[in-house]
Amino acid sequence: MPITTDAIVPGGNPEQHSEHLRTFENYRNTHGSEFAEAYATYRRSLAEALKFADPNFTNSAVTRRRIELIENARTALAARGPAHQSIPGNFDNTPPTLGARQKLLASLQPTNADQVAVQGREWDMTRQLLGMGRTIEQVVAGASVQRLVAIAANAELLPEVSQSINPQAHLDYIREMVVDRLASLGHAGARGIAAAEARDQVEAVWRKLIAEALEGAVSINTVSELYQVDPEAATVISDADDHFIDGLVLDEEVARLDRIAKAQRN
């Protein structure tokens, strides 16, 4: 699923799945600002490292000290980023917790004859509502827990799934909606999944951005991804470059010192 605010709410309808959206925004507002400040501090530290000078140092000693300060800045940024950040970067775009959703829905399936009968009635009602012209999104939005379980269990029978050119993707989409609706109804397991996905979607972009920063420079595409998931934080990191040495000049000078450091190690 793409890392955008709309993507975490199937159909792009925040009112329909407000629980997931609220969880996402809470996590983003709390941790996004922390990551943004860590990045801004990193850029400040790089700028300060390049300014280092001491009349008692030789030119080569000044260069070595600047290289050391740059490495210290990188270590500090890695420590303040999302968990498991490494140098020069070991980010991974955490996959959607599809397995967790499937396990949750499987755990809700009927285990006795009475529950099977209830599920059958709820599925019959779902088909009637669809036959009256309602969309599956509308049905899910107003469904009870019992009806949601019935929809998840029988969704592959729906024409829009069975006749789709990509049935599995459509099936996953419907089941994602079901879990989001369960979360909005207060189901503990579904709310836990929503919280985990909120964390993963924010952290995935930040892992990528910080990894790129540690390796050299952040790409325009990654900044664009951050604007989609956390526009306020993206503005902070853009301002961080504007306030200090011109971003390109800073990156070029850091890259030059990296080349010197590499040559010294070899």
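The values are calculated or read from the model by the stated rules, or taken from the named source; none is laboratory data. The structure presented is a predicted model; accordingly, all values stated were derived computationally and were not measured. Note that each Cβ is placed from the backbone with ideal geometry, even for glycine, and that neighbours are counted across all protein chains shown. Accessible surface is based on the protein model in full, side chains and every heavy atom, while ligands, DNA and RNA are left aside. Shrake-Rupley method; radii C 1.70, N 1.55, O 1.52, S 1.80 Å.
Observations, loosely collected:
- Those residues of region 159-182 which are open to solvent by less than 10 Å² (accessible area, probe 1.4 Å) and under 22 Å from SER107 (Cα atoms), in sequence order: ILE174, MET177, VAL178, VAL179, ASP180, LEU182
- Index of the failed condition, THR111 passing every other in (1) under 26 Å from ALA188 (Cβ atoms); (2) among the β-branched types (Val, Ile, Thr); (3) assigned to a helix (DSSP H, G or I): (3)
- For region 207-217, residues that are open to solvent by 40 Å² or more (accessible area, probe 1.4 Å) and among the aliphatic types (A, V, I, L, M) total 1.
- Candidate set from region 183-199 (those that are of a type outside the set (A, V, I, L, M, F, W, C) and open to solvent by 20 Å² or more (accessible area, probe 1.4 Å)); member that is nearest to GLY81 (Cα to Cα): ARG199
- Among the conditions (1) farther than 17 Å from GLY189 by Cβ; (2) outside any helix (DSSP H, G or I), ALA143 misses just one, which is (1).
- Top-ranked residue in region 230-266 [being modelled with pLDDT of 80 or more, under 22 Å from the mean Cα position of the chain (by Cα) and over 19 Å from ALA78 (Cβ atoms); ranked as surrounded by the most Cβ atoms within 10 Å (Cβ to Cβ)]: ASP230
- Qualifying helices (runs of 4 or more DSSP H) (wholly inside region 160-266; at least 2 residues being more than 28 Å from ARG127 (Cα to Cα)): 188-215, 220-229, 231-243, 247-265
- Note on region 54-102: among residues that are modelled with pLDDT of 85 or more and farther than 25 Å from GLU215 by Cβ, the one that is least open to solvent (accessible area, probe 1.4 Å) is ALA61.
- Qualifying residue in region 109-132 (condition: surrounded by 14 or more Cβ atoms within 10 Å (Cβ to Cβ) and touching a residue at least 40 places away in the same chain (Cβ under 8 Å)): no
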